[in-house]
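Notes for the one structure printed next.
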Amino acid sequence: MSIVLLRHGETALNAARVLQPADTPLSARGLAQARAAARTLATRRIAAIVSSDLPRAWQTAGAVAQVAGLEISPEPLLQERNFGDLRGRPYDTLGFDPLAMDAAPPGGESLEDFRARVEAAFGRLVARRAALHGDLVVVSHGLVIHAILAAHGCLDTTMALPQRIGNASITVLTAEPPYRVTLLDDVGHLHGIALDDPASLSGG
């Protein structure tokens, strides 16, 4: 059985390349993406769903919960990195890449603190999956999924860690070390339905 990582669907601010306030919801296309991902995941044996409690992730998890007939367990540790006072500002006007900055922006979270939080979240996910008889679906954010893969994902020689995690993409890891990645950033379920713009932000 596996840990299934699902990035939330698109938001209007993703598409506009704006760092998102915490309360940003899915766009209409994001909701369609969430439903498409849910239909694909319905073919798996889902035992539990854990989600970031931010609205864009929670709405995405809701689509999965509906097809799986399960409740969602909130996990605040899965929230996207907090960019503090930069939230609400257009990425392309900042003059630097906030997604790669080590220091904490004003009112925000440093890269070190973010990685430590994601590490704690991953430990909780592994423990949760070990108690299940099926897959654990984890709904989170681009930078969180990227951090999990960078720290723990065992990629075979045909794979490379993507710079950008796609909206509503599905990544599957085996549930025990070395956490082999069997599906990486897959968006095949979105083709012809609601594939997002590859220039939209993946994080923030």
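The values are calculated or read from the model by the stated rules, or taken from the named source; none is laboratory data. Model, not experiment: these values are computed from the prediction. So basically every Cβ, Gly included, is an ideal-geometry build from the backbone, and we count neighbours across all protein chains shown.
Which one of these is free of Cβ contacts under 8 Å to residues at least 24 places away in the same chain, part of a loop (DSSP other than H, G, I, E, B) and either under 30 Å from L86 (Cβ atoms) or among the acidic types (D, E) (or both): A168, A160? Break it down stepwise before answering.
Numbers: A168 fails: free of Cβ contacts under 8 Å to residues at least 24 places away in the same chain.
Within the list A168, A160, the selection yields A160.
Given the options R17, R44, name the one that is charged (D, E, K, R) and modelled with pLDDT under 95. It would help to see each step written out before you state the result.
Values: R44 fails: modelled with pLDDT under 95.
Going through R17, R44 in turn, the sole match is R17.
Among the numbered conditions (1) surrounded by fewer than 17 Cβ atoms within 10 Å (Cβ to Cβ); (2) closer than 23 Å to V18 by Cβ; (3) over 18 Å from the mean Cα position of the chain (by Cα), tell me where A100 comes up short.
Going through (1) surrounded by fewer than 17 Cβ atoms within 10 Å (Cβ to Cβ); (2) closer than 23 Å to V18 by Cβ; (3) over 18 Å from the mean Cα position of the chain (by Cα) one by one, A100 breaks only (3).
Give me the pairs: first residue in segment 92-115 and more than 15 Å from E80 (Cβ to Cβ), second residue modelled with pLDDT of 95 or more and part of a helix (DSSP H, G or I), beta-carbon distance under 6 Å, and six or more apart or on different chains, which are they?
Within 6 Å, the pairs are D102/L111; P106/G84; P106/D85.
Any residue that is modelled with pLDDT under 95, assigned to a helix (DSSP H, G or I) and within 28 Å of A32 (Cβ to Cβ) - is there at least one of those in segment 140-150? Break it down stepwise before answering.
First, pick out the residues of segment 140-150 that are modelled with pLDDT under 95: none.
The answer is no; no qualifying residue exists.
Would a scan of segment 170-187 turn up a residue that is among the acidic types (D, E), surrounded by 14 or more Cβ atoms within 10 Å (Cβ to Cβ) and within 21 Å of T11 (Cα to Cα)? Before the answer, list the steps.
Initially, segment 170-187 is screened for residues among the acidic types (D, E), giving 176, 185-186.
Still in the running and surrounded by 14 or more Cβ atoms within 10 Å (Cβ to Cβ): 185-186.
Imposing the further condition that a residue be within 21 Å of T11 (Cα to Cα) reduces the set to 185-186.
Scanning segment 170-187, I find at least one residue that is among the acidic types (D, E), surrounded by 14 or more Cβ atoms within 10 Å (Cβ to Cβ) and within 21 Å of T11 (Cα to Cα), so the answer is yes.
Report whether or not A65 is hydrophobic (A, V, I, L, M, F, W, C), part of a strand (DSSP E or B) and modelled with pLDDT of 95 or more. Step through it out loud before you land on a result.
Working: hydrophobic (A, V, I, L, M, F, W, C): yes; part of a strand (DSSP E or B): no; modelled with pLDDT of 95 or more: yes.
No: the conditions fail for A65.
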